[in-house]
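The values are calculated or read from the model by the stated rules, or taken from the named source; none is laboratory data. From a predicted model like this one, the values you see are computed outputs, not experimental measurements. Every residue, glycine among them, receives a Cβ derived from its backbone with ideal geometry; neighbour counts consider all protein chains shown.
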Amino acid sequence: MNQGLILNLHQFNFLLFIMAICAVVVFVALYFVEAGYGKMISPKWGPAINNKVAWVLMECPVFFVLFYFWINSSRQFEVVPLIFFLLFELHYFQRSFIFPFLLKGKSKMPITIMLMGVTFNTINGYMQGEWIFFLSPKNLYTENWLTTPQFIIGTILFFAGMAININSDYIIRHLRKPGDTRHYLPKKGMYRYVTSANYFGEIVEWTGFAILTWSISGAMFAIWTCANLVPRANSIYKKYAREFADEFHERPLKRIFPFIY
């Protein structure tokens, strides 16, 4: 198949333009409206379901959408597109089928939040798969791409971000001993510098993916990651500042970007 499954390149670029506008709207809105899940869970977001189930249902669509594009592409075993595919799927396998079952407690997630996540993840899977396997020029992602600065730097950032993200989630899960119900301010790893180290890791990871693919679709995902997580990191920062007022100001913590914000 030589063309995209749905859109031609002009239409695809228009979709990315619309997604960019939506990202700006979401970024601004989330500074005024807290997404009601996790630490910010709120009944005003409507009915909620088991957190583990919600995370699986929310994250797995992108895993399967990209797999669909890969399996239907004539480029599926070309080295560079295959590496892109495996890196992306590695993250979402962990996020969809491992991370949710490591969560502790009996938290819930509003169905509306889950459905928003499903919608974005489905569109994102389309954006990445359409570009990598159908719309990118055939002579772009040759094996020579593996020695380019973009691929090398991007891959380093991707794995560094993934490591920070997974380690930060581990730290959060192990803040309390069994039976302890108190809340604690995380202080290990990147939490020595920011209050949302897990989000910082995810932004680094997808910035790396944008660089290693050197694509507008990859950049759009990184932009959306920031649009979603930076305002949420601000909300968490304020929550921690109230909850741990005394110990919070003992060290110069930032929200999400060390030494910056």
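Below, the figures for the structure above:
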| quantity | calculated |
| --- | --- |
| Inter-residue pairs, beta-carbon under 6 Å, first in contact (Cβ under 8 Å) with a residue 12 or more places away in the chain and over 15 Å from GLU202 (Cβ atoms) and in region 85-103, second buried (at least 19 other Cβ atoms within 10 Å of the Cβ) and of a type in the set (A, V, I, L, M, F, W, C), 6+ apart | PHE85/TRP70; PRO100/TRP55 |
| Where PHE209 falls short, out of the listed (1) more than 16 Å from the chain's Cα centre (by Cα); (2) aromatic (Phe, Trp, Tyr); (3) buried (at least 22 other Cβ atoms within 10 Å of the Cβ); (4) within 19 Å of LEU90 (Cα to Cα) | (1) |
| Any chance VAL65 is among the hydrophobic types (A, V, I, L, M, F, W, C) and either crowded, with 20+ Cβ neighbours inside 10 Å or within 16 Å of ILE111 (Cβ to Cβ) (or both) | yes |
| Total residues in region 76-94, condition under 14 Å from TRP131 (Cα atoms), of a type outside the set (A, V, I, L, M, F, W, C) and at pLDDT 95 or above | 1 |
| Listing of helices (runs of 4 or more DSSP H) fully contained in region 151-261 that carry 2 or more residues being closer than 22 Å to GLU34 by Cα and small (Gly, Ala, Ser) | 197-213, 216-243 |
| Every residue from region 172-183 that is free of Cβ contacts under 8 Å to residues at least 60 places away in the same chain and closer than 20 Å to ARG232 by Cα | ILE172 |
| Filter result (surrounded by 21 or more Cβ atoms within 10 Å (Cβ to Cβ), among the hydroxyl-bearing types (Ser, Thr, Tyr) and assigned to a helix (DSSP H, G or I)) within region 100-150 | TYR126 |
| Residue tally, condition assigned to a helix (DSSP H, G or I) and within 16 Å of the chain's Cα centre (by Cα), over region 22-53 | 4 |
| Number of the condition not met by PHE77 [criteria: (1) within 23 Å of TRP214 (Cβ to Cβ); (2) part of a helix (DSSP H, G or I)] | (2) |
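Residue-wise test of (1) charged (D, E, K, R); (2) farther than 23 Å from PHE85 by Cβ.
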{"residue": "ASN139", "(1), (2)": "no, no"}
{"residue": "LEU157", "(1), (2)": "no, no"}
{"residue": "ARG173", "(1), (2)": "yes, yes"}
{"residue": "TRP206", "(1), (2)": "no, no"}
{"residue": "THR213", "(1), (2)": "no, no"}
{"residue": "ILE216", "(1), (2)": "no, no"}
{"residue": "THR225", "(1), (2)": "no, no"}
{"residue": "ASN228", "(1), (2)": "no, yes"}
